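Remarks on the structure that follows.
Computed from the coordinates by the stated procedures, all read-outs in this text should not be read as laboratory data. Quantities reported herein were computed from a predicted structural model and do not represent experimental measurements. Here the Cβ is made from the backbone with ideal geometry for all residues, glycine too, and neighbour counts use every protein chain on show.
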Amino acid sequence: MRYTIALFLAVLVGLSLGLIGGGGSILAVPILKYVVGVTAKEAIAMSLFIVGIVSIVGLIPHWQQKNVNLPVALSFIPPAMIGAFLGSKITTLSFITDTIQLVSFAIIMLLASILMIKKSSKKNKDKKEENSRKITSKNKIYQKIILTTFQGFGVGVLTGFVGVGGGFLIIPCLVLVGGIPMKEAVGTSLLIIATNSASAFLGYLNQVELNWFVMITFSLFASLGIIIGAKLSQTIEAKSLQKAFGYFVLVVAVFILIVR
């Protein structure tokens, strides 16, 4: 019964990625930990596999619609993959316990919820678009590369350490620093999330016990969710969902901090 519930929730993981381009790992880790019943380290490692697969599925229509900016992605991916692999290896240190990872994950969730709630306001959206134009016009190419490199590495470390794909951080970075439209940012972020997750997952191999049956079935249901989410995104304004999702993430973060 619990796993049936987990599979239903897996669809929500995909819906999140399909509708707002992020939030997959933020949902997957708590589901795997508290519903499926695996350890925190196992949940993080398994979520990386799941979100990586689902991101690839979600990437396909964006690629077909030419909503993937390869030059920007290729400047972001190498440092992000290095950071993701290193982040996963940091978790093997003896003093990095499940509790430390869960608390770190909850803090990232709090940050994500605040960003999503703030982004949901039109005023904030307009301000970001204005900032995007300013940054795009002022910064030279080499400055963008430096910023993208550092941000990519930072997002990668977070991916490896706490299992978040980083969509909620990647998309603003792509818009503000990369200077690309939101639609391209969502498609490009899925490519980055997929490569980040793959790199971090490789770092966890042979470090934790993995339930491949859970990962594969969870990925299938989450993939169904992202397909549905991609269809719904054509008729539903994602911004209208971000505020509610942000508050939901906030509640889950507080729950993790309390029960961890």
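Amide H contacts under 5 Å for Asn69: Thr188, restricted to partners 5 or more places along the chain or on a different chain, H placed in the peptide plane at 1.01 Å from N.
Dipole size in debye (nearest 20) for the chain around its Cα centre, Lys and Arg Cβ +1, Asp and Glu Cβ -1? List each step's numbers first, then the result.
Values: 22 positive and 8 negative charges, 188 e Å.
Dipole size: approximately 900 debye.
For the chain, the longest principal axis of the Cα atoms and the long axis of helix 122-138 meet at an angle of about 60 degrees. Here is the size of the chain from its Cα atoms: Rg then Dmax, 17.0, 56 Å. Between Ile90 and Lys183, the distance separating the two model label sites (each 7 Å from Cα on the Cα→Cβ line) works out to 3.7 nm.
Fewest-first ordering of Phe95, Phe221, Phe49 by other beta carbons within 10 Å of each residue's beta carbon gives Phe95, Phe221, Phe49. May I ask for the distance between the Cα centers of segment 215-235 and segment 40-98, given as a whole number of Å? Distance between centres, Cα-based: 18 Å.
For the chain, with the dipole built from +1 on Lys and Arg beta-carbon atoms and -1 on Asp and Glu ones, taken about the Cα centre, which of Ile192, Ile100, Ile171 lies farthest toward the positive end? My answer, from the dipole projection, is Ile171. Its alpha carbons give segment 144-260 an Rg and a Dmax of 16.1, 43 Å. Rounded to the nearest 10 degrees, the inclination of helix 238-259 to the longest alpha-carbon principal axis of the chain is 40 degrees.
For segment 217-227, 3J(HN,Hα) computed residue by residue from phi via the Karplus equation (6.51, -1.76, 1.60; θ = phi - 60°) reads 5, 4, 5, 4, 5, 5, 5, 4, x, 6, 5 Hz, glycine and proline entered as x.
Remark: Leu190, Leu93, Leu176, Leu27 ranked as Leu93, Leu176, Leu27, Leu190, counting other beta-carbon atoms within 10 Å and listing the fewest first. Where the centroid of each part is defined by its Cα atoms, how far is segment 1-32 from segment 163-204 in Å? If you average the Cα positions of each part, the centres end up 18 Å apart.
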